[in-house]
1. For the stretch A:334-356, give me the residue count where each residue is in contact with a Pro (Cβ under 7 Å, 6 or more places away or on another chain) and part of a helix (DSSP H, G or I).
2. Given the options B:Gly103, B:Gly93, name the one that is away from every other protein chain (no Cβ under 14 Å), touching a strand residue (DSSP E or B) at 6+ places or on another chain (Cβ under 9 Å) and either modelled with pLDDT under 95 or more than 16 Å from the ligand (Cβ to nearest atom) (or both).
3. Residues in the stretch A:245-257: is at least one in the same structural domain as A:Ala300 (by TED's automatic domain parsing) and in contact with a Lys or Arg (Cβ under 7 Å, 6 or more places away or on another chain)?
4. Can you find a residue that is part of a helix (DSSP H, G or I) and at pLDDT 95 or above anywhere in the stretch A:223-237?
5. Under the condition of being basic (Lys, Arg) and more than 8 Å from chain B (Cβ to nearest Cβ), which residue from the stretch A:352-390 is surrounded by the most Cβ atoms within 10 Å (Cβ to Cβ)?
6. For the stretch B:269-288, how many residues are more than 7 Å from every other protein chain (Cβ to nearest Cβ) and not in a helix (DSSP H, G or I)?
7. What residue, of B:Leu335, B:Leu366, B:Leu381, B:Leu390, is within 15 Å of the ligand (Cβ to nearest atom) and within 13 Å of another protein chain (Cβ to nearest Cβ)?
8. Do we have B:Ala139 as more than 12 Å from the ligand (Cβ to nearest atom), crowded, with 17+ Cβ neighbours inside 10 Å and under 21 Å from B:Gln107 (Cβ atoms) here?
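The values are calculated or read from the model by the stated rules, or taken from the named source; none is laboratory data. The structure displayed is predicted, hence computed values, not measured ones. Glycine gets a Cβ as well: all are built from the backbone with ideal geometry, and neighbour counts include every protein chain shown.
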Amino acid sequence: MTERTAEPENPEQAGPDLLYSEAEEDLRAAVRSLLAARCDPADLVLRTESAEPYDPALWKSLGADMGAAGLLVPEELGGQGASAREAAVVLEELGRAVAPAPYLTSAVIAAEALLGSGAAADGETGRLLAGLAAGRNTAALALPWSTAPGAPLATTVRAAADGALTGRVTGVADAAHADVLLVPAAGPDGPGLYAVDREAAGVTVTPRVPLDLTRPLADAALDGAPARLVAGPDEAEAAVRRALLAGAGLLASEQLGIAEWCLAETVRYLRERHQFNRPVGSFQALKHRLARIWLELVSARAAARAAADALATGSQDGPVAVAVAQAYCSPVAVHAAEECVQLHGGIGMTWEHPAHLYLKRAKADATALGTAGRHREALAGLVDLPAPAG
Amino acid sequence: MPRTTESAQHPADTDTAGLRSRVRDLLAAHDPATTPRDTFLRARFDAGLAWVHFPEGLGGLGAPRALQSVVDAELEAAGAPDNDPRRIGIGLGMAAPTILKYGTEEQKQRFLRPLWTGEEVWCQLFSEPGAGSDLAALATRAVRDGDSEDAGWTVDGQKVWTSQAHLARWAILIARTDPDAPKHRGISYFVCDMTDPGVEVRPLRQITGEAEFNEVFLTGVRIPDSHRLGAVGEGWKVAQTTLNNERVAIGGGRIPREGGMIGKAAATWRERPELRTHDLHQRLLGLWVEAEAARLAAVRLGQQLTAGHPGPEGAGIKLAFARLAQEISGLEVELLADEGLTYQDWTMTRPQHVNFTGRDAGYRYLRAKGNSIEGGTSEVLLNIVAERVLGLPAEPRTDKDVPWKELAR
Ligand SMILES: Cc1cc2nc3c(=O)[nH]c(=O)nc-3n(C[C@H](O)[C@H](O)[C@H](O)COP(=O)(O)OP(=O)(O)OC[C@H]3O[C@@H](n4cnc5c(N)ncnc54)[C@H](O)[C@@H]3O)c2cc1C
């Protein structure tokens with residue numbers, strides 16, 4: 001997947017590939033047309049308050065039939081053998097549609113955690129991963145959704161020698177609908193990553209009322225819940241960090257998609273909406289605000305592509321590229337969504353108009369997987385811009 | 001799955017390997033250690049290695065533009081002299097693409113080689129006291145000397161903010177040839193001889209203390225018709241090529257991480273721990289992220305150009321760089337505390353180079369103020385983005401179809 005036509009020593013070609021390949025554009029077109037047909041924003045507003053925030057049929061079409069759930073998983077482990085570049089394109093489209101689908105949590109973060117746990121085709125972990133890759137099952141990494149890739153992993157769950165888990169994790173994204181929870185826990189030999197069925201005895205998952213209506217949150221209480229060790233002390237922490245890094249890096253693409261929808265929709269509305277006998281979009285004060293968002297999108301796209309490419313190629317620069325993408329794209333999505341609400345006037349404040357779904361997603365995404373400020377602090381260490389002493 | 005597509009087909013001898021072998025031939029015939037600079041640069045031009053994407057015979061080989069960096073890197077490694085691009089940026093970035101697109105064969109042959117070698121410096125006589133953002137309102141007149149087909153022109157008027165005019169041999173000039181036409185339609189585009197006795201260049205001192213730009217008075221300046229670029233009355237269209245390339249020249253380019261203004265501030269931060277404060281740390285990290293994202297956007301634009309899919313991102317990148325240069329240099333002045341209160345030298349000089357990242361922090365802070373004015377102000381560029389990229393409606397206008405001479409001034 002990383003075949004390149006130019007010679008590596010050509011400085012014009014060195015560094016990340018920030019464009020979209022033809023295959024990536026084809027994938028985008030397929031996902032976009034599925035979402036256009038099956039994930040209408042008006043229906044979404046209704047669905048968010050129903051008992052079933054996810055549309056299982058949509059997830060089956062996207063994750064299983066289209067194969068999107070397995071993009072990050074090698075073919076020999078039951079996936080599509082693509083890379084973070086392709087997954088990023090899927091996330092751009094999911095962001096553009098604020099689609100409620102467990103893609104980021106299951107197909108990216110949980111899958112990466114299992115890949116980092118040395119999943120083999122013939123083992124239990126491999127079977128679990130194959131189920132995720134096929135879109136048959138979903139899993140959620142049981143950490144608070146705000147956890148940054150570099151944050152200290154203070155586990156609130158303890159594992160007994162037989163793997164039984166006890167403890168509590170709050171604010172886990174997509175936990176209420178996941179088949180399996182991947183739980184970082186303190187085991188008898190040190191930190192471990194454990195898999196527990198959500199339906200198992202001793203597991204209580206309590207939905208929270210989320211700010212972002214399109215990505216449910218839940219608390220998981222574990223009371224001697226039977227679990228299986230997926231990664232032991234040697235691997236667990238690295239597996240979790242790998243998963244969070246991939247999640248944070250690809251979240252930037254989702255944020256890009258959110259911002260794109262907000263800009264396009266606001267431009268469309270302001271070209272039509274007339275006040276003072278002219279289109280509101282002809283007032284320079286508003287044109288400049290929209291042009292500024294477009295500018296931010298230009299850089300956000302480059303930063304998000306750089307992160308996806310670094311993850312895809314396993315570049316040494318991955319942690320920097322991810323931190324830059326998160327630090328840059330989080331505020332861009334929030335800015336675009338806030339302007340979308342403001343520039344729609346009264347209609348932007350209504351429950352009926354989908355702008356609020358984008359605002360809520362954008363604002364929640366800005367905290368998810370580490371705030372922009374956390375990622376900037378990470379950069380202080382990564383690029384040697386140390387904080388003042390004392 | 002190839003991700004990088006080359007738009008233009010090019011013969012095998014202008015691919016990377018072919019270019020390398022041409023560089024070797026050039027170096028074999030003209031040892032940089034013993035060949036005088038101008039001789040070497042002329043030979044490089046004649047070998048088609050000046051700007052490889054230009055046509056053969058005009059300093060190029062019709063090769064993909066992206067391969068220029070291969071040539072530049074090889075020649076640099078061999079210790080060959082370069083053409084000091086910072087001294088001749090207006091010629092390279094603006095005059096050359098316009099001459100290439102609109103010039104006659106004779107004009108291309110006459111002007112491009114000494115332009116590229118730097119033997120002849122160019123400047124841009126566009127802005128006037130009464131015509132800046134609204135450049136099409138310009139009042140400098142060019143009047144035909146008689147009625148014959150090839151009659152020359154006499155030019156009278158005043159230009160202003162003309163960078164490098166004090167060094168220039170030639171200028172690209174736009175002047176009004178038909179005051180009865182609406183303003184965009186009565187303009188023609190010329191090459192002006194800066195040694196003409198009617199050209200007077202006076203330095204204009206800038207807020208940095210030095211005079212990079214000038215005011216230029218044109219009094220009875222004679223221009224032969226063979227120095228007109230494009231048709232009479234089509235000068236506005238020709239000027240668009242110049243202005244679009246100006247924005248590419250100012251906004252584009254490949255830079256390494258920390259290559260621009262942020263590198264200066266980051267270096268100061270690393271070298272001077274005693275200056276660090278928490279507030280500055282937060283702001284520095286924020287600007288570092290923005291600078292890196294803008295740099296990646298420029299890299300991406302370069303990749304789009306290479307792949308043959310130029311996007312409208314150039315205007316955006318110029319805007320981002322201008323703002324970041326200003327904020328970062330401003331931060332550095334604060335970071336330097338007492339030292340930031342001093343300034344290297346206010347002496348009025350007329351520099352040879354445009355210098356954005358040189359001298360001290362105070363200079364950089366002041367020079368960066370021009371970044372959001374030169375080459376189209378940031379306000380005007382935001383208008384362009386809003387209207388041409390986003391398709392938002394134009395503001396109502398009163399100046400479009402009225403003869404120029406009836407407009408308010
Ligand atoms: C360092 C430097 C070097 C330069 N070099 C050259 C050169 O070599 N050759 C050359 O020809 N010119 C040169 N210029 C001139 C430059 O292109 C003009 O200064 C610029 O186009 C602005 O024109 P103006 O100065 O007349 O400002 P004005 O057009 O009078 O603008 C005044 C203010 O009004 C704003 N404004 C104007 N119109 C609008 C609008 N429609 N909407 C919103 N805001 C608006 C502007 O953004 C600005 O803030 C240079 C300028 C600088 C600073």
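1. 0
2. Just a single option satisfies the conditions, and that option is B:Gly103.
3. yes
4. Within the stretch A:223-237, the first condition is being part of a helix (DSSP H, G or I), and the residues that meet it are A:236-237.
Then keep just the ones that are at pLDDT 95 or above; that gives A:236-237.
Yes; the residues of the stretch A:223-237 include at least one that is part of a helix (DSSP H, G or I) and at pLDDT 95 or above.
5. Here the answer is A:Arg361.
6. 1
7. Of the residues listed, the single one that is within 15 Å of the ligand (Cβ to nearest atom) and within 13 Å of another protein chain (Cβ to nearest Cβ) is B:Leu381.
8. no
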